[in-house]
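Structure first, then comments.
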Amino acid sequence: MFFTDPIAAFTHLRHALVPAGRLAFLGPQPGGPDSAYARATAALAPFLREASPAARGMGSLIDPARIHQVLAAAGFTDIDIAPAEAPMTFGADAADAADFIFAISPTRHNLRPVAPATVARVRAEVHDALTEFETPDGVHIPGSVWIVTASPTHKQ
């Protein structure tokens, strides 16, 4: 998902498969405005205006049509893309999860020009929202992924 040229990267992976091997990976589904993650990070929303580097990375393969197009161009067939529910673990507790969210590239990228006092306020709001998802085993936010499998057309 973080390849500069995903078609070239998946072509390389196709060549690396063992005979009769298949490609399988999980990719994120797009989150809706009412998703649990959107609720937990609502305080960040006004600051996430600019496309981040993730739009070229992880976010570049959230659309099944795009996934199919990339894999077909890379020489895969029998492409199957199935939805699955997958809780996302963000940290041991709300503070740890907030630290993680504020450390990831899209957040850092968009908060770069924001005053430190504002960032601290937004971080506190996100922390408080994350407490809804705290469990004894950590902060788990419901989410959805694509389970993607494909067969190589041929190996070279």
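Anything in region 73-98 that is closer than 30 Å to Pro6 by Cβ, open to solvent by 50 Å² or more (accessible area, probe 1.4 Å) and of a type outside the set (Ser, Thr, Tyr)? List them, or say none. Listed by number, the residues that qualify are Ala73, Asp78, Asp80, Pro83, Glu85, Pro87, Met88. Taking the criterion of being in contact with a Gly (Cβ under 6 Å, 6 or more places away or on another chain) and outside any loop (DSSP other than H, G, I, E, B), no residue of region 1-10 qualifies. If you filter region 105-147 down to residues that are without any contact (Cβ under 8 Å) to a residue 40 or more places away in the chain and among the hydrophobic types (A, V, I, L, M, F, W, C), you find that the one that is farthest from Ile79 (Cα to Cα) is Ala117.
Among the residues of region 85-105, the ones that are out of contact with any His (no Cβ under 9 Å at 6 or more places or on another chain), within 19 Å of Leu26 (Cβ to Cβ) and of a type in the set (A, V, I, L, M) come to 2 in all.
The values are calculated or read from the model by the stated rules, or taken from the named source; none is laboratory data. Predicted model only: the values in this text are computed from it and were never measured. Note that we place each Cβ from the backbone using ideal geometry, even for glycine, and neighbour counts take in every protein chain shown. What goes into the accessible areas is simple: the full protein's heavy atoms, side chains included, and nothing from ligands, DNA or RNA. Shrake-Rupley method; radii C 1.70, N 1.55, O 1.52, S 1.80 Å.
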